[in-house]
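Encoded as structure tokens, the structure appears first; notes follow it.
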Amino acid sequence: MAQVIVNGSASSPRDITSGISQGSVLGPVLFVIFINDLPEEVQSQIYLFTDDTKIYCQINSEEDIKILKSDRKALDEWSRKWLLLLHPDKCKVLNLDKHGTPAEYCMTDIGRNQEIKLEVCESEKELGIWMDSDVSFEKHIAGKVKKMNRNVGITRCTFTYLYEETFLLLYNSQVRPNLEYANPVWSPYKVKHKEVLEICTAACYPTNTNLEGPKLRGMIEEVEPVHLSVPESPW
């Protein structure tokens, strides 16, 4: 049972028959408790992040495909049991193998009362990172470059002259966070991706400034470097 209180005035109590009330203090904790048994329903590996669920496994045989399909069905049954229905338009299949042909996976659309085939996508965003089927992170890197170019354009339209402190502030707030977010995951291993990021980073250097070229490069070098590569790609 829950009620809303605003400026000392309370609404009449209402029963909560399913789900978790949003905006409450205990809501996030209750939601975690509510879905805590979900991993026990499947045989495959599963990741949970709030209301985002991923199940995955390595496919080596037809038996592995059957297990994954069985897990998909188990998720359907669990969601119906606890009245947390999965949205069919938000459920997709991502095959991390550009040479393989993904199997067909289906789910029940409760609203239309029919089985629908899940969409096979080439890329999917996960916690701010675009994963693609060939694990090249090309779409993610293209998004990084687009965002950096947009920030550079805004900066050049806003500032006609930059002092040392202003430049470092802009560089550390607009450029570095964009490159450093989760970069151990998407760190480029292809030369073309490294080059486009380096060119884009170089474009961030101000053209109208009281800093001469050598001094400006020295300032950038003094800032802790952004690592765009890893010793060895895990793929």
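The values are calculated or read from the model by the stated rules, or taken from the named source; none is laboratory data. Note that the coordinates shown come from a computational prediction; the quantities given were computed from them, not determined experimentally. Glycine gets a Cβ as well: all are built from the backbone with ideal geometry, and neighbour counts include every protein chain shown. All accessible areas refer to the heavy atoms of the entire protein, side chains included, with ligands and DNA or RNA removed. Shrake-Rupley method; radii C 1.70, N 1.55, O 1.52, S 1.80 Å.
I'd like the Karplus ³J(HN,Hα) series for the stretch 103-108: coefficients 6.51, -1.76, 1.60, θ = phi - 60°, whole numbers in Hz, and an x wherever there's a Gly or Pro.
6, 8, 10, 10, 8, 8
Roughly speaking, what is the stretch gain from residue 45 to residue 92, that is 0.36 nm per residue apart minus the C-alpha to C-alpha distance, in nm to one decimal?
Details: separation 47, 0.36 × 47 = 16.92 nm, distance 1.63 nm.
Between residue 45 and residue 92, full extension yields 15.3 nm more.
If R₀ is 22 angstrom, what is the calculated FRET efficiency for the pair residue 150 and residue 185, using the beta carbon separation as r and rounding to 0.05? Walk me through the intermediate numbers first.
Details: r = 23 Å, r/R0 = 1.03.
After rounding to 0.05, the efficiency reads 0.45.
Mind ranking 158, 201 by accessible surface for me, highest first, 1.4 Å probe? Intermediate values should be presented prior to the final figure.
Working: 158 90, 201 20 Å².
These residues rank, largest area first, as 158, 201.
Could you give me the ³J(HN,Hα) list for the stretch 60-76, computed from phi with Karplus coefficients 6.51, -1.76, 1.60 and θ = phi - 60°, whole Hz, x at Gly and Pro?
Per-residue couplings from phi come out as 10, 7, 5, 5, 5, 5, 4, 5, 5, 5, 5, 5, 4, 5, 5, 5, 4 Hz.
Largest first and in whole Å, what are the equivalent-ellipsoid semi-axes of the stretch 28-79 based on the Cα gyration tensor, each being the root of 5 times an eigenvalue? Could the numbers behind the result be given before it?
Values: eigenvalues 109, 23, 10 Å².
Each semi-axis is √(5λ); the values are 23, 11, 7 Å.
So which of 90/194; 92/147; 92/194 end up more than 28 Å apart, counting from Cα to Cα?
Working: 90/194 32 Å; 92/147 26 Å; 92/194 30 Å.
With Cα atoms farther than 28 Å apart: 90/194; 92/194.
Once the piece of chain linking residue 104 and residue 160 is laid out straight, how much longer is it, given 0.36 nm per residue of separation minus the C-alpha distance between them?
Numbers: separation 56, 0.36 × 56 = 20.16 nm, distance 5.58 nm.
This chain segment gains 14.6 nm when fully extended.
Which loop-located chymotrypsin sites (Phe, Trp or Tyr not before Pro) does the stretch 75-175 contain, where loop means any DSSP state but H, G, I, E or B and the Cβ has at most 11 other Cβ atoms within 10 Å?
Values: sites: 78, 82, 105, 130, 137, 159, 161, 163, 167, 171; in loops: 82, 105, 137, 159, 161, 163.
Listed in order of number, the matching sites are 161.
Suppose R0 equals 30 Å; then what is the FRET efficiency for residue 9 and residue 126 from their Cβ-Cβ distance, rounded to the nearest 0.05?
Rounded to the nearest 0.05, the efficiency is 0.10.
When only the heavy atoms of the protein chains count and the probe is 1.4 Å, how do 150, 72 rank by accessible area, highest first? Walk me through the numbers before you get to the answer.
Details: 150 120, 72 20 Å².
Ranked list, largest accessible area first: 150, 72.
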